[in-house]
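Have a look at the structure below before the remarks.
The values are calculated or read from the model by the stated rules, or taken from the named source; none is laboratory data. As the structure is a prediction and not an experimental result, all values here were calculated from the model. All Cβ positions, even for glycine, are placed from backbone atoms using ideal geometry, and neighbour counts span all protein chains on display.
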Amino acid sequence: MAGGHITPQHIRAGPGDVAERVVLVGDPARARMIAGMLADARLVNENRGLLVYTGSYRGARVSVAVHGIGAPSAAIVIEELIALGARYLVRLGTCGGLVEDLDIGDYVAASGAAYNPGGAMGQYFGGICPPASPDPELLLAVYREASRRGRAILAPVYSSDAFYAEDPGMARRLSSMGLKAVEMEVAILYALANMRGARAAALLVVSDNLVVPGKERLRSHEELEAHVRGAAEAVLEALASMG
């Protein structure tokens, strides 16, 4: 079984507590909001602040899990969720735009993720650059649902390991490579899902734009709530359609 290689140490959930369909988020406030969109949601883990709720959406069992910030934290949560039975994982997060035509609140369905060698990726794959690619059926379902709720694009992103390292010069360089947005966890999600036999996708809400003067300020959870709620509806509808 995928994920059977480990015994979870951080997500202290019992057998059957984690659904096959999982929404992954970085922000606990976002997890609580999405849990409120589920029927009969219950908290199945709060150890280390890595909240996991499980309920149902349109008759399908769904969990919502907090993965923390960055690849090392996300990798722990992804590994343990898969070990606990997760098979479809969608990251719902925010991103910084790298091209001028991305506006605050737009949706980016991540068609792939670039990343730096080394770090968590290096420890897992040791000199081989694994494909950080999504499950095409799941990603297309997410993209179609997002397009019904706002402006959405299918595009590659860059997964950074250092939140404060980006500057205008770096943003322009990333943009010149064809990357449309920057975030921190998509690459490790896609690589691990491929390795462990799970299916993954990601939908990101543009929270700032690094190349447009006046749009560099990171918007708060409250400012983005309507856009994130639309993204959450899209992700939940896509997950419910799987299987």
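For VAL182, all conditions in the list (1) farther than 23 Å from PRO213 by Cβ; (2) under 19 Å from the mean Cα position of the chain (by Cα) hold save one; what is the number of the exception?
(1)
Of all residues in segment 194-226 being hydrophobic (A, V, I, L, M, F, W, C) and part of a loop (DSSP other than H, G, I, E, B), which is surrounded by the fewest Cβ atoms within 10 Å (Cβ to Cβ)?
My answer is LEU218.
Going by the conditions given, is GLU20 within 24 Å of SER159 (Cα to Cα), among the acidic types (Asp, Glu) and touching a residue at least 12 places away in the same chain (Cβ under 8 Å)?
Considered against the rule, which asks whether it is within 24 Å of SER159 (Cα to Cα), among the acidic types (Asp, Glu) and touching a residue at least 12 places away in the same chain (Cβ under 8 Å), GLU20 comes out as no.
Considering only residues that are touching a residue at least 12 places away in the same chain (Cβ under 8 Å) and outside any helix (DSSP H, G or I), look in segment 126-147 and name the one that is farthest from GLY230 (Cα to Cα).
It comes out as CYS129.
What are the residues in segment 151-169 that are modelled with pLDDT of 90 or more and crowded, with 16+ Cβ neighbours inside 10 Å, if any?
Once the filter is applied, which keeps residues that are modelled with pLDDT of 90 or more and crowded, with 16+ Cβ neighbours inside 10 Å, segment 151-169 yields ALA152, ILE153, LEU154, ALA155, PRO156, VAL157, TYR158, SER159, SER160, ASP161.
Identify, please: which residue in segment 44-59 is within 15 Å of GLY16 (Cβ to Cβ) and of a type in the set (A, V, I, L, M, F, W, C) and is, among those, nearest to the chain's Cα centre (by Cα)?
By that ranking, first place goes to VAL52.
Only one of these conditions is not met by GLY68: (1) closer than 21 Å to MET121 by Cα; (2) outside any loop (DSSP other than H, G, I, E, B). Which number is it?
(2)
Within segment 97-134, how many residues turn out to be among the charged types (D, E, K, R) and either under 13 Å from the mean Cα position of the chain (by Cα) or over 20 Å from MET184 (Cα atoms) (or both)?
Number satisfying all stated conditions: 2.
Is it the case, given these coordinates, that LEU43 is surrounded by 19 or more Cβ atoms within 10 Å (Cβ to Cβ) and at pLDDT 95 or above?
So LEU43 fails the test.
To keep it simple, each residue is scored yes or no on (1) charged (D, E, K, R); (2) outside any strand (DSSP E or B).
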{"residue": "LEU89", "(1), (2)": "no, no"}
{"residue": "ASP101", "(1), (2)": "yes, yes"}
{"residue": "TYR124", "(1), (2)": "no, yes"}
{"residue": "ARG149", "(1), (2)": "yes, yes"}
{"residue": "ARG172", "(1), (2)": "yes, yes"}
